[in-house]
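Below is one structure, written out as structure tokens; the observations come after it.
Values in this text are rule-based calculations from the coordinates and carry no lab data. This one's a predicted model, so the numbers in the text were calculated from it and none came from an experiment. Note: ideal-geometry Cβ built from the backbone for every residue, glycine included; neighbour counts use all protein chains shown.
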Amino acid sequence: MSAIPDVPADSVPAAAVDSVTPGPAAAPAAGSSLLVACLCADWCRVCDGYREDFARLRQQHPQVQFVWVDIEDDAELVDDLEVETFPTLLIGAGERLCFIGPVLPQPGASQRLIQAALDNPAMSAASATAPAGTTVAAQALLARLRQAC
């Protein structure tokens with residue numbers, strides 16, 4: 001699990017994003033309980049490109065806690081949540097899971113999800129079409145992320 005580096009929102013040099021060091025994520029602003037985790041894999045080239053967009057989102061939402069999770073390096077943390085498509089976002093408000101699922105590797109799609117979670121405190125990830133066990137496993141991952149951060 002890695003913290004996303006502090007970089008200017010208008011300029012995210014590749015070197016700043018590539019040099020992310022493992023450790024706890026940066027704490028959100030006081031009063032915020034929103035956590036956004038990008039579930040990725042080191043070998044995924046799509047995730048490589050999305051990392052800069054994710055860093056920009058962090059700059060646009062300083063009140064939100066952002067965490068980059070490599071599903072293989074952090075396999076014990078991810079546990080039995082099956083992530084098949086990258087990037088996958090997990091968004092939680094406090095202990096409540098708001099969203100879990102793949103997103104287009106474009107900042108606009110993630111921006112809309114984050115804004116929806118901020119604007120709608122009752123947003124829920126419950127979905128009748130999600131694979132069996134996904135919501136339960138994602139809820140458990142959210143709890144582990146909260147403890148780790």
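General remarks:
- Tally of residues being touching a helix residue (DSSP H, G or I) at 6+ places or on another chain (Cβ under 9 Å) and aliphatic (A, V, I, L, M) across region 72-120: 12
- With respect to the stated conditions, Pro107 is under 19 Å from Cys40 (Cβ atoms) and touching an Asp or Glu at 6+ places or on another chain (Cβ under 7 Å).
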